[in-house]
Amino acid sequence: GEDVEQSLFLSVREGDSSVINCTYTDSSSTYLYWYKQEPGAGLQLLTYIFSNMDMKQDQRLTVLLNKKDKHLSLRIADTQTGDSAIYFCADTPGSSNTGKLIFGQGTTLQVKP
Amino acid sequence: EPEVTQTPSHQVTQMGQEVILRCVPISNHLYFYWYRQILGQKVEFLVSFYNNEISEKSEIFDDQFSVERPDGSNFTLKIRSTKLEDSAMYFCASSPGTAYNEQFFGPGTRLTVL
């Protein structure tokens, strides 16, 4: 079945780059997403990438997609303490006609000053 | 900026009781969703709703669950007879139906079944 996997925890120093990795199983996924969750808040879309792209850059965020290996990564440049949150990788299976999201378990990013 | 709201933020109920979780999606959105996250587990899709009917549901969404959009603004999830294993954070989401299907999530309702 459809599955998305992520590592659970990442700790970096302020100013460093953070790289959060994700793998997925559905080769027919059309879009892949990164959502961010801050304490007490809902999930917020950070960025997304269409499945025919290899890379997408949006200010401090860079998304890399390796379709062959079904691997997605999110790089945050110059990580700030305000970036501390849980980051969820998600995809929409090709079999879904309503855009349901399949989430990874979330990576807690801890940014130390 | 428009946002999805959910009430209550925390609901405590006894096993076997019915609960209704409420959501107000963003007003011009077309697709509505419920997800849940059991503590320590992944966020799981429950159901999607479009054009006043269920369009897709997961295996979790059995006969104990129902959804409704009673008045064109609220979107509710009803659990008829709660079980201990229904304890979770329930998230509502809505989407305007763009090509990349951005979903806007509410802050969640934490349901505790005793």
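Since every read-out is calculated from the coordinates, none of them should be taken as a lab result. What you see is a predicted model; the values in this text were computed from it and never measured. All Cβ positions, even for glycine, are placed from backbone atoms using ideal geometry, and neighbour counts span all protein chains on display.
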- Considering segment A:27-42, residues that are under 12 Å from the mean Cα position of the chain (by Cα) and not polar (S, T, N, Q), and then whichever is farthest from residue A:63 (Cα to Cα), we arrive at A:36
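Which fully enclosed strands (runs of 3 or more DSSP E) of segment B:1-40 have 3 or more residues being within 17 Å of residue B:104 (Cβ to Cβ)? First the steps, then the outcome.
Working: elements: B:5-7, B:10-13, B:19-24, B:31-37.
Strands (runs of 3 or more DSSP E) meeting the threshold: B:5-7, B:19-24, B:31-37.
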- Item | Only one of A:63, A:111 that is part of a strand (DSSP E or B) and within 12 Å of the chain's Cα centre (by Cα) | A:63
- Which residues, taken from segment A:8-47, are facing chain B (nearest Cβ under 9 Å) and closer than 20 Å to residue B:95 by Cα? A:30, A:31, A:33, A:35, A:37, A:41, A:42, A:43, A:44, A:45
- Message: Looking for something within 13 Å of another protein chain (Cβ to nearest Cβ) and either in contact with a strand residue (DSSP E or B) (Cβ under 8 Å, 6 or more places away or on another chain) or not β-branched (Val, Ile, Thr) (or both) - is there at least one such residue anywhere in segment A:78-87?
- Response: yes
- Counting only residues that are over 17 Å from residue B:105 (Cβ atoms) and either among the polar types (S, T, N, Q) or touching a residue at least 24 places away in the same chain (Cβ under 8 Å) (or both), which one in segment B:42-57 is farthest from the other protein chains (Cβ to nearest Cβ)? B:52
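Restricting attention to segment A:67-82, report how many residues are on the phi < 0 side of the Ramachandran plot and surrounded by 12 or more Cβ atoms within 10 Å (Cβ to Cβ).
Step one: filter segment A:67-82 for residues on the phi < 0 side of the Ramachandran plot, giving A:67-69, A:71-77, A:79-82.
Applying the additional criterion that residues be surrounded by 12 or more Cβ atoms within 10 Å (Cβ to Cβ) yields A:67, A:71-77, A:79-80.
So the count comes out to 10.
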- Scanning segment B:21-53 for residues that are farther than 19 Å from residue A:3 by Cα and exposed (fewer than 15 other Cβ atoms within 10 Å of the Cβ), which turns out farthest from the chain's Cα centre (by Cα)? B:28
- Message: Against the conditions (1) assigned to a loop (DSSP other than H, G, I, E, B); (2) touching a residue at least 60 places away in the same chain (Cβ under 8 Å), where does residue A:10 fall short? Just the number, please.
- Response: (1)
- For segment A:48-70, how many residues are within 14 Å of chain B (Cβ to nearest Cβ) and farther than 21 Å from residue A:25 by Cβ? 2
